[in-house]
1. Tell me which residues, restricted to region 86-111, are under 21 Å from residue 288 (Cα atoms) and in a strand (DSSP E or B).
2. Scanning for something in the same structural domain as residue 57 (by TED's automatic domain parsing), in contact with a Pro (Cβ under 8 Å, 6 or more places away or on another chain) and not basic (Lys, Arg), does region 90-107 turn up at least one residue?
3. Pairs needed: first member in region 80-101, without any contact (Cβ under 8 Å) to a residue 60 or more places away in the chain; second member anywhere, of a type in the set (Gly, Ala, Ser) and surrounded by fewer than 18 Cβ atoms within 10 Å (Cβ to Cβ); C-beta distance under 8 Å; at least 6 residues apart or different chains.
4. Of the residues that sit in region 199-246 and are hydroxyl-bearing (Ser, Thr, Tyr) and within 20 Å of the chain's Cα centre (by Cα), which one is surrounded by the fewest Cβ atoms within 10 Å (Cβ to Cβ)?
5. Considering only residues that are in contact with a strand residue (DSSP E or B) (Cβ under 7 Å, 6 or more places away or on another chain) and among the polar types (S, T, N, Q), look in region 288-318 and name the one that is farthest from residue 244 (Cα to Cα).
6. Regarding region 115-127, can at least one residue be identified that is surrounded by fewer than 19 Cβ atoms within 10 Å (Cβ to Cβ), of a type outside the set (A, V, I, L, M, F, W, C) and over 29 Å from residue 223 (Cβ atoms)?
7. If I ask for residues that are in contact with a Lys or Arg (Cβ under 7 Å, 6 or more places away or on another chain) and within 20 Å of residue 186 (Cβ to Cβ), which ones from region 55-85 would you list?
Amino acid sequence: MRGKAELILLTVAVLGVGATNLHADDVVRRVKKAVAESTLDQPGTKPFHLKAVLAPSRERDNASGRSGTIEYWWKSPTEWRREVVCPGFHQIQVVNGDHIWQKNDGDYFPEWLRETAVALVDPIPNLPEVMKEMDTGEVKDMMGSTYIQWMIPSSNGQTPSWIGATVALNDGSGLLFYGGGFGWGAEYKDYRKFHGRMVGQIVSAGSPEVTAKVQTLEDLNETPGLFDAVAQGGDTHLLKTVLIGEAALRQNLQSIDNVNWPAVKDGPLEGAITANITVDRAGKVREVGPVVATNQALSDVARRQIEAMQFKPFLLNGEPVQVVSRVTLSYKTFRVQ
């Protein structure tokens with residue numbers, strides 16, 4: 001989904017549409033209203049049962065393994081159950097007040113699956129923090145939509161880099177049709193009403209992109225034990241994913257090979273390359289998002305370099321966790337003779 005965000009940024013820039021500062025109160029109000037209308041996981045939502053089926057958005061990605069199901073039984077923000085299934089991973093999680101119960105089959109929760117699961121019920125997680133980021137951006141109008149765009153900085157300590165983030169609203173419906181930033185993002189289609197909420201029935205996320213189609217969205221039929229978060233048989237250690245900055249990521253970097261950058265025909269000879277990455281509890285890089293480079297001819301080399309990185313396990317309260325972060329590489333090369 002990061003690739004789609006960057007494409008949206010590029011398209012709007014090329015078309016040269018008018019831009020204004022984000023501080024316009026009307027735009028801020030519209031974003032908040034759109035999120036409030038389409039967020040299921042919030043106080044006041046009627047208890048629901050939701051099930052979505054996932055598959056690659058494009059036939060060329062059928063071998064990616066990005067398929068499965070996501071199912072929620074939700075009573076309140078502090079009382080819910082979720083089950084996610086994909087090839088190689090199956091998790092059941094129950095939250096009841098301060099108690100969390102998990103059962104995991106597989107040692108790695110794919111980030112594409114986690115982001116899609118969140119997007120189904122919460123289109124812009126941690127909205128107050130995202131609104132602060134958006135305050136540095138621009139508002140652009142294009143083809144009946146309003147785009148709010150900003151840049152998220154990162155650095156390897158030597159060279160700064162940026163990846164674009166976007167929120168896009170449909171001017172006709174006032175609803176969110178795309179949003180993407182660090183650790184979250186999706187595109188929404190086919191909105192339908194559910195007890196005062198407007199819920200996207202088709203949600204696309206990730207790169208390679210996966211599409212989740214909502215098959216069931218109905219009132220919750222609660223059964224005994226559905227929200228039992230102290231049941232026997234749960235895992236001793238919870239599987240958690242934490243978003244961290246690049247500086248914190250690099251504190252655990254154990255090894256990185258020297259890069260022999262190839263000569264290039266065109267583009268800058270020096271610059272930065274960056275990508276979002278997910279590291280598992282053992283410190284292995286498991287997912288690398290689209291590579292953003294000031295010279296895209298070096299993207300494939302950079303991806304192989306990032307995939308080979310090894311980290312010490314990241315600990316939270318003494319327990320290893322998965323982390324989502326950013327990696328920046330500096331490059332210096334020469335022109336093909």
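1. 86, 89
2. In the first step, residues of region 90-107 are kept if they are in the same structural domain as residue 57 (by TED's automatic domain parsing); the result is 90-107.
Cutting the leftovers down to in contact with a Pro (Cβ under 8 Å, 6 or more places away or on another chain) gives us none.
The answer is no; no qualifying residue exists.
3. 86/65; 86/67; 87/65; 87/67; 88/65; 88/106; 89/106; 90/106
4. 241
5. 295
6. Yes, region 115-127 contains a residue that is surrounded by fewer than 19 Cβ atoms within 10 Å (Cβ to Cβ), of a type outside the set (A, V, I, L, M, F, W, C) and over 29 Å from residue 223 (Cβ atoms).
7. Passing the criteria: 56, 69, 71, 72.
Every residue, every condition in (1) in a loop (DSSP other than H, G, I, E, B); (2) closer than 26 Å to residue 211 by Cβ; (3) touching a Cys at 6+ places or on another chain (Cβ under 7 Å); (4) of a type outside the set (D, E, K, R), yes or no:
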residue	(1), (2), (3), (4)
71	no, yes, no, no
118	no, yes, no, yes
130	no, yes, no, yes
158	yes, no, no, yes
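The values are calculated or read from the model by the stated rules, or taken from the named source; none is laboratory data. Note that this is a predicted model, so its numbers are computed, not measured. FYI the Cβ positions are ideal-geometry reconstructions off the backbone, even for glycines, and counts take in every protein chain you see.
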